[in-house]
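Reviewing the structure listed below.
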2 protein chains.
Amino acid sequence: MSGDNQIRIGLLSCTNKVRKLSRAINLSPNATISAIATTSSIEEAKSFAKSNNFPPNTKIHSSYESLLEDPDVDAVYFPIPTRLHVEWTTLAATKGKHILLDKPVALNVSEFDQIVEACEVNGVQFMDGTQWMHNPRTVKIKEFVNDLESFGQIKSVYSCFSFAASDDFLKHDIRVKPGLDGLGALGDAGWYTIQAILLVNNFKLPKTVTALSGSVLNDAGIVLSCGALFDWEDGVSATIYCSFLANLTMEITAIGTKGSLRVHDFVIPYMETEAVFTTSGGGCVSEHKVMTVLPQETCMVMEFARLVGEIKNRGAKPDGFWMRFSRNTQLLVDAVKESIDNNLEPVYLSGR
Amino acid sequence: MSGDNQIRIGLLSCTNKVRKLSRAINLSPNATISAIATTSSIEEAKSFAKSNNFPPNTKIHSSYESLLEDPDVDAVYFPIPTRLHVEWTTLAATKGKHILLDKPVALNVSEFDQIVEACEVNGVQFMDGTQWMHNPRTVKIKEFVNDLESFGQIKSVYSCFSFAASDDFLKHDIRVKPGLDGLGALGDAGWYTIQAILLVNNFKLPKTVTALSGSVLNDAGIVLSCGALFDWEDGVSATIYCSFLANLTMEITAIGTKGSLRVHDFVIPYMETEAVFTTSGGGCVSEHKVMTVLPQETCMVMEFARLVGEIKNRGAKPDGFWMRFSRNTQLLVDAVKESIDNNLEPVYLSGR
């Protein structure tokens, strides 16, 4: 693909997250890095760009505003604290920049709705930066749980994502600070588990959400660990567990009337080049290997750039799927938090 | 081992359960079948004994009472409906017979306490017939979750056991009849999941038990499917899911501060001669294979016969571990049912 057809992505800040995403962009045939903005040293940004193999003509901006004005930037990746999402993404949207935004997408769904509106008004593509959704394995998982012959009807799902954060993380990381990310383990690890239970329920929202007792909060009221129950009609239910305080575990167990699914590394596959899931049903247990030629973060960038390319080069409308999925995930994150704050009362989602 | 040292077991009824257990006894070097009681045809019982390779001198009794009077019976296996447990096991205990009793051990813990008292007064050994607890893999699992270096402190556990019962089962099986087993999927599949969460919590009782919304009950009020939450101190929690309405699934996922455990076939291992579990921690995922020279039901019979032998041949006292474990399991089954019946209110276990 010629460089002219590549979607030009601008990056904010010289952080480790940006380092990882820049590798994914460099591996994507339909995207390229065109600019980076730093609010600290220009020299440092130049060195960062060089050591991470940014294209030689990558522009260095000394402010986020300047990058958002850059006509050589089609889309922007926002690895900034959640509290700043509305301000910067809505500004980007008004500048016609497409948006790749880290999860949790906002501090709450009404904040996110401001982002939704800005994207819709300005016709820009939105996607949240959750990579596992773009792994080819996830497509296969979705096929399996939607197969009435092999899986039948969904009955129960369990998903957990935990990791044992260091003492330093638990004191200083933005994910445990009310003024920064604000939603703690729920907005971070919990985000993935909620996506997982939505995926296996064919993206249908549950009727009720109830936090489970046993949540652990820090002194500032940030969730470090919690569980929740989600109910759909007909006795279909899901439980999640997310934690900064327990060993790395990334599970999906989905049980249908005819089949079951198990995934042990759904967030970050153990191997970059292949990913495994197990199904059982009809007396058989099968292990499925899905090859991933490119890492899942590259698959995400490619899909984002493809959608942006459809708009930029073919006059297509933005694809609303990813925005709706982010909104529903945020809605459930909010509902879990609301239930925790309201003494574990169930939250009814009807009309939200 | 000479026949004189074998524990002589009496069996009640010619059912499929008895067929399975008779194989386990035949494989146990320290146990033998000495009698069977039938309430129907003596000829049928003779044929049943022959086709299942009972010892040629096995006595055939035409009533349960008669078998319980037999001086050549040391211990009795009770595969009878739960509602009949108190009556027959307490009678057996007064006759000095040791007791191997199917789960759920009683309709509720106060009924079970009558069995406990009869066993204690008469000095007989009690064990419930849950086989997986005696699989050599279970010993290894217990070692792993108690290893502070590899597993750390327990944080969260999930266990499920479901199977898709046939229409015939859902209409006619004793497990869906209030006059027979009474506790439905909770007393059957749920029993195992509760044992699993107790096992990984080193058999410590939780503080509270809360049924989760989404239970499915039949017209007679019998649980066909339910979930529950269990809370210990310090944010340690467990969820279970048990069902007659979903595909066969038998999971334990236990998460500690340093390690995690996964078992996919904890109730009935996929293979009779080896059983697998997976651990992760410190960046490594390890699959552990545990060889089982004898099937787990034989391991159970051997352990039961060993304990009975200690009493019979060496004047030991009954080992109370299995009775306490059955009582605690029953206590939690009761608490889940109580919470379901009380609009999902938490049940506090203190003092029970």
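The values are calculated or read from the model by the stated rules, or taken from the named source; none is laboratory data. Note that the structure is predicted; figures quoted are calculated from it, not measured. All Cβ positions, glycine included, derive from the backbone under ideal geometry; neighbour counts span all protein chains shown. Please note that ligands, DNA and RNA were not included when accessible areas were found on the heavy atoms of the full protein model with its side chains. Shrake-Rupley method; radii C 1.70, N 1.55, O 1.52, S 1.80 Å.
Which members of the stretch B:1-26 meet the condition of being touching a residue at least 60 places away in the same chain (Cβ under 8 Å), open to solvent by less than 70 Å² (accessible area, probe 1.4 Å) and not in a loop (DSSP other than H, G, I, E, B)? Even if it seems obvious, please write down each step before you answer.
Going residue by residue through the stretch B:1-26, those that are touching a residue at least 60 places away in the same chain (Cβ under 8 Å) are B:5-13, B:15, B:17-18, B:20-21, B:23-25.
So of that shortlist, the ones also open to solvent by less than 70 Å² (accessible area, probe 1.4 Å) come out as B:6-13, B:15, B:18, B:21, B:24-25.
B:Ile7, B:Arg8, B:Ile9, B:Gly10, B:Leu11, B:Leu12, B:Val18, B:Leu21, B:Ala24, B:Ile25, listed by residue number.
Among the residues of the stretch B:132-152, write down those that are within 14 Å of chain A (Cβ to nearest Cβ), part of a loop (DSSP other than H, G, I, E, B) and open to solvent by less than 40 Å² (accessible area, probe 1.4 Å). Steps first, answer last, please.
Residues of the stretch B:132-152 within 14 Å of chain A (Cβ to nearest Cβ): B:144-145, B:147-152.
Add one more test, that the residue is part of a loop (DSSP other than H, G, I, E, B), and what stays is B:147-152.
Hits for the stretch B:132-152 are B:Phe151, B:Gly152.
Search the stretch A:304-317 for residues that are modelled with pLDDT of 95 or more and pair each with any residue that is open to solvent by 10 Å² or more (accessible area, probe 1.4 Å) and assigned to a helix (DSSP H, G or I) when their beta-carbon atoms are under 6 Å apart and the residues are at least 6 apart or on different chains.
Within 6 Å, the pairs are A:Ala316/A:Glu310.
Taking the condition under 23 Å from the mean Cα position of the chain (by Cα), open to solvent by less than 30 Å² (accessible area, probe 1.4 Å) and farther than 28 Å from B:Glu272 by Cβ, does B:Ala92 pass?
yes
Here are the criteria: (1) modelled with pLDDT of 95 or more; (2) buried (at least 24 other Cβ atoms within 10 Å of the Cβ). Tell me which single one A:Gly129 does not satisfy.
(2)
Scan (1) touching a Ser or Thr at 6+ places or on another chain (Cβ under 6 Å); (2) within 20 Å of A:Asp70 (Cα to Cα); (3) not aliphatic (A, V, I, L, M) for the single condition A:Ser28 breaks and write down its number.
Answer for A:Ser28: the failing condition is (2).
Restricting the stretch B:65-109 to residues that are β-branched (Val, Ile, Thr) and at pLDDT below 95, which is nearest to B:Ala31 (Cα to Cα)? Before the answer, list the steps.
Within the stretch B:65-109, the subset β-branched (Val, Ile, Thr) is B:73, B:76, B:80, B:82, B:86, B:89-90, B:94, B:99, B:105, B:109.
When the remaining residues are screened for being at pLDDT below 95, the result is B:80, B:82.
Values: B:Ile80: 21, B:Thr82: 25 Å.
Among them, the one singled out is B:Ile80.
Per-residue answers, yes or no, for (1) among the acidic types (Asp, Glu); (2) crowded, with 20+ Cβ neighbours inside 10 Å; (3) part of a helix (DSSP H, G or I); (4) over 17 Å from the mean Cα position of the chain (by Cα):
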{"position": "A:Val73", "(1), (2), (3), (4)": "no, yes, no, yes"}
{"position": "A:Val86", "(1), (2), (3), (4)": "no, no, yes, no"}
{"position": "A:Leu100", "(1), (2), (3), (4)": "no, yes, no, no"}
{"position": "A:Leu107", "(1), (2), (3), (4)": "no, yes, no, no"}
{"position": "A:Cys119", "(1), (2), (3), (4)": "no, yes, yes, yes"}
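As an exercise: evaluate A:Ile36 against (1) among the hydrophobic types (A, V, I, L, M, F, W, C); (2) modelled with pLDDT of 95 or more; (3) within 22 Å of the chain's Cα centre (by Cα); (4) open to solvent by 30 Å² or more (accessible area, probe 1.4 Å) and give the number of the one condition it does not meet.
Unmet condition: (4).
Just checking, does the stretch B:279-289 include any residue being in contact with a Pro (Cβ under 9 Å, 6 or more places away or on another chain) and either modelled with pLDDT of 95 or more or not charged (D, E, K, R) (or both)? Before you say what the answer is, go through the steps one by one.
Taking the stretch B:279-289 and keeping what is in contact with a Pro (Cβ under 9 Å, 6 or more places away or on another chain), we get none.
Scanning the stretch B:279-289, I find no residue that is in contact with a Pro (Cβ under 9 Å, 6 or more places away or on another chain) and either modelled with pLDDT of 95 or more or not charged (D, E, K, R) (or both), so the answer is no.
Do we have B:Leu205 as closer than 29 Å to A:Ser215 by Cα, among the hydrophobic types (A, V, I, L, M, F, W, C) and open to solvent by less than 40 Å² (accessible area, probe 1.4 Å) here? Lay out the reasoning, then the answer.
Details: closer than 29 Å to A:Ser215 by Cα: yes; among the hydrophobic types (A, V, I, L, M, F, W, C): yes; open to solvent by less than 40 Å² (accessible area, probe 1.4 Å): no.
In short, no.
Taking the stretch B:45-78 as the region of interest, how many residues are closer than 25 Å to B:Lys317 by Cα and in contact (Cβ under 8 Å) with a residue 24 or more places away in the chain? Show your work before the answer.
Start the filter on the stretch B:45-78 by keeping residues that are closer than 25 Å to B:Lys317 by Cα, which leaves B:67-78.
Next, only the ones that are in contact (Cβ under 8 Å) with a residue 24 or more places away in the chain stay: B:67-70, B:72-78.
Number satisfying all stated conditions: 11.
Which ones in the stretch B:202-239 are in a loop (DSSP other than H, G, I, E, B), of a type outside the set (Asp, Glu) and within 13 Å of chain A (Cβ to nearest Cβ)? Spell out the reasoning first.
Within the stretch B:202-239, the first condition is being in a loop (DSSP other than H, G, I, E, B), and the residues that meet it are B:202-207, B:212-215, B:218-222, B:232-236.
Of the ones still in play, those that are also of a type outside the set (Asp, Glu) are B:202-207, B:212-215, B:218, B:220-222, B:232, B:235-236.
Matches in the stretch B:202-239: B:Pro206, B:Lys207, B:Leu212, B:Ser213, B:Gly214, B:Ser215, B:Asn218, B:Trp232, B:Gly235, B:Val236.
Please work out if A:Leu332 is under 30 Å from A:Ser213 (Cβ atoms) and under 15 Å from the mean Cα position of the chain (by Cα). Show your work before the answer.
Details: under 30 Å from A:Ser213 (Cβ atoms): yes; under 15 Å from the mean Cα position of the chain (by Cα): yes.
In short, yes.
Name the residues in the stretch B:153-188 that are within 12 Å of chain A (Cβ to nearest Cβ) and either buried (at least 23 other Cβ atoms within 10 Å of the Cβ) or not in a loop (DSSP other than H, G, I, E, B) (or both), would you?
Filtering the stretch B:153-188 down to residues within 12 Å of chain A (Cβ to nearest Cβ) leaves B:153-165, B:185.
Correct list: B:Ile154, B:Lys155, B:Ser156, B:Val157, B:Tyr158, B:Ser159, B:Cys160, B:Phe161, B:Ser162, B:Phe163, B:Ala164, B:Ala185.
Could you say whether any residue in the stretch A:63-71 is in contact with a Lys or Arg (Cβ under 8 Å, 6 or more places away or on another chain) and open to solvent by 60 Å² or more (accessible area, probe 1.4 Å)?
Yes, because at least one residue in the stretch A:63-71 is in contact with a Lys or Arg (Cβ under 8 Å, 6 or more places away or on another chain) and open to solvent by 60 Å² or more (accessible area, probe 1.4 Å).
I'm trying to understand the selection: among the residues of the stretch A:97-140, which are among the aromatic types (Phe, Trp, Tyr) and under 18 Å from A:Phe266 (Cβ atoms)? Step through it out loud before you land on a result.
Here is the first cut: in the stretch A:97-140, the residues among the aromatic types (Phe, Trp, Tyr) are A:112, A:126, A:132.
Scanning the stretch A:97-140 gives a single hit, A:Trp132.
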